[in-house]
Each structure stands twice: as C-alpha cells, then as structure tokens.
Amino acid sequence: MPGRSRVALVLLAAAVSCAVAQHAPPWTEDCRKSTYPPSGPTYRGPVPWYTINLDLPPYKRWHELMLDKAPMLKVIVNSLKNMINTFVPSGKIVQVVDEKLPGLLGNFPGPFEEEMKGIAAVTDIPLVNLDFQRNNKTVFKASSFAGYVGMLTGFKPGLFSLSLNERFSINGGYLGILEWILGKKDAMWIGFLTRTVLENSTSYEEAKNLLTKTKILAPAYFILGGNQSGEGCVITRDRKESLDVY
C-alpha cells in the first residue's frame, strides 16, 4: 500500500506519546516575570491557527495543515532516523518501524485511522493551534503537533477545558500498548480519549464521567475545568480505573 512507511511514523508518534514523557527542567525558587508575550532571539512569532473541518471525510481533514508543514515534518523524520541509526547502526529499528507497524492498520477506531492515512498521504512535528469546526462553528480548540491526531490539551468554548499529563506507573503505557498489539483492545489510547471528549462531550459532568470511567492504555492525569463555581478537578487514572478525583 502506498505510504505505509509514512503511516508507520504516524503510528510511532502515537505510541511514543502514550508510553513516555519529557521531564521538565529542575525546579527552582526563582519566579519568572514578564515572559509574555514571548521575545528574544529564539522567538519565531505567534503559533499559527488552522481549521480542522469535521464535516470533511476523516481522510481529508488534515490535508491543508500537512501540505503546509510537510517540509518541516520530513526534516524531523530524517533527524529521528539519523538519531536512531546512531545508536543502532544496522538500521534494524527503522526497518522494523517501516515493515511491522503498518500491520496495525485496520485495528484503530474511527475516525483516527483514516485521519492518519490522510496525513501520511500528504506528507510523502511543528506546533500549531487547531480550531475544530462543524457546520462552520467551532466545536473545540487545541494546541497540538502537526501530524498527531490525538489531543493533549484543549478547550470547548463556554463548557470546559482539558489537559493531559503523564503519570508514571510500573503497570504503564508499554504494557498497555503490548496488550493492544496482541489483540486486547478494550482500552482506549489516551490522546484519542482526550480528542473524543473535546469533540463530543456537551457538559463538564459528561466529560468528567468519560475521563473517570473509560479504560485507557496508559496511566495519566486529566486536568478538567468547567464554567461554573466548583467545576474543576484533577483525575488520577490507572489504566483500568480512577484512583482519585480531587
């Protein structure tokens, strides 16, 4: 199938987001001030906004964004391959990604699989702001990385905001992904759950219920805020259940 190796890289990005996290720099007692708006020699200007039209077929929703970001995405992919080959010069790891991960296609829930196929077809992972629309009206907004169809943080105007945070556990994301690959698909990828909640939930309570009760592939923290006094919580999740809501 044309573009299967490119789909593999999209799948790899989803797997990595589920299994690992980047640690923050060491905490200090210094309080930084006047850091917004950003400035300085590394500032590249405001993060751009893109509209993701949910009325389009999933395969076509991301085409405009990916056509714009494809050159940068190719640089990132090549850099990633070079870094991997530095540690494993045989090239076996990249070969496994190219040959084995596409075999997972046909197992992802809709609309995510078709969206990933569409992204792979266009690009032949820069940061952006996304405005998801249906019937020319905003459903939710989010900040994400071009090429990633799940969501890490976003808000539904007038209803709630939602952020995902990594939570380490021995019974963690690697085990969840392995179970999923072996055929146990009763749990949801956390980025897909966050996207589903932002797209489909119509209230704070509905969002809270889904985030609390849905089985997920990796432990996580969900930070949920509503539009009424008292609507706000941090949900501590294990893969199968909620450990705490406060």
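The values are calculated or read from the model by the stated rules, or taken from the named source; none is laboratory data. The shown structure was predicted, so the numbers you read here are calculated from the model rather than taken from an experiment. Cβ coordinates were reconstructed from backbone atoms using ideal geometry, including for glycine residues, and neighbour counts include every protein chain displayed.
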(request) Scan TYR221, TYR204, TYR246 and give me the residue that is hydroxyl-bearing (Ser, Thr, Tyr), touching a Gly at 6+ places or on another chain (Cβ under 6 Å) and at pLDDT 90 or above. (result) TYR204
(request) Evaluate the following for VAL47: is it hydrophobic (A, V, I, L, M, F, W, C), under 21 Å from ASN129 (Cα atoms) and not in a helix (DSSP H, G or I)? (result) yes
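Might you check whether a residue that is surrounded by 10 or more Cβ atoms within 10 Å (Cβ to Cβ), of a type in the set (A, V, I, L, M), touching a strand residue (DSSP E or B) at 6+ places or on another chain (Cβ under 8 Å) and part of a helix (DSSP H, G or I) occurs anywhere in segment 53-61?
Among the residues of segment 53-61, not one is surrounded by 10 or more Cβ atoms within 10 Å (Cβ to Cβ), of a type in the set (A, V, I, L, M), touching a strand residue (DSSP E or B) at 6+ places or on another chain (Cβ under 8 Å) and part of a helix (DSSP H, G or I), which makes the answer no.
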(message) Could you list, ordered by first residue, the pairs with Cβ atoms under 7 Å in which the first is in segment 81-110 and assigned by TED's automatic domain parsing to the domain that holds GLY191 and surrounded by fewer than 16 Cβ atoms within 10 Å (Cβ to Cβ) and the second is in a loop (DSSP other than H, G, I, E, B) and modelled with pLDDT under 80, at least 6 apart or interchain?
(response) none
(message) Exactly one condition in (1) modelled with pLDDT of 80 or more; (2) among the polar types (S, T, N, Q); (3) not assigned by TED's automatic domain parsing to the domain that holds ALA142 is false for ASN53; which is it?
(response) (3)
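Among the residues of segment 223-236, which ones are over 20 Å from ASP186 (Cα atoms) and not aliphatic (A, V, I, L, M)? If you could, list the steps in order and put the result at the bottom.
Of the residues in segment 223-236, the ones over 20 Å from ASP186 (Cα atoms) are 223-235.
Passing the criteria: GLY225, GLY226, ASN227, GLN228, SER229, GLY230, GLU231, GLY232, CYS233.
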(request) Find the residue count for segment 81-94, including only residues that are out of contact with any helix residue (DSSP H, G or I) (no Cβ under 6 Å at 6 or more places or on another chain) and at pLDDT 80 or above. (result) 4
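Given the options LEU175, LEU162, name the one that is at negative phi and touching a Phe, Trp or Tyr at 6+ places or on another chain (Cβ under 9 Å).
Values: LEU175 fails: touching a Phe, Trp or Tyr at 6+ places or on another chain (Cβ under 9 Å).
Every option except LEU162 fails the conditions.
Within segment 139-175, which residues are aliphatic (A, V, I, L, M) and farther than 21 Å from VAL234 by Cβ? Don't jump to the end; show me each part of the working.
Of segment 139-175, the ones aliphatic (A, V, I, L, M) are 139, 142, 146, 149, 151-152, 159, 162, 164, 170, 175.
Scanning segment 139-175 gives VAL139, ALA146, VAL149, ILE170, LEU175.
Going by what's in this entry, would ARG239 be described as of a type in the set (D, E, K, R), in a loop (DSSP other than H, G, I, E, B), outside the structural domain of GLY45 (by TED's automatic domain parsing) and buried (at least 16 other Cβ atoms within 10 Å of the Cβ)?
Taking the combined requirement at face value, the residue satisfies it.
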(request) Residues being surrounded by fewer than 17 Cβ atoms within 10 Å (Cβ to Cβ) and in a strand (DSSP E or B): count how many of those fall in segment 122-132. (result) 3
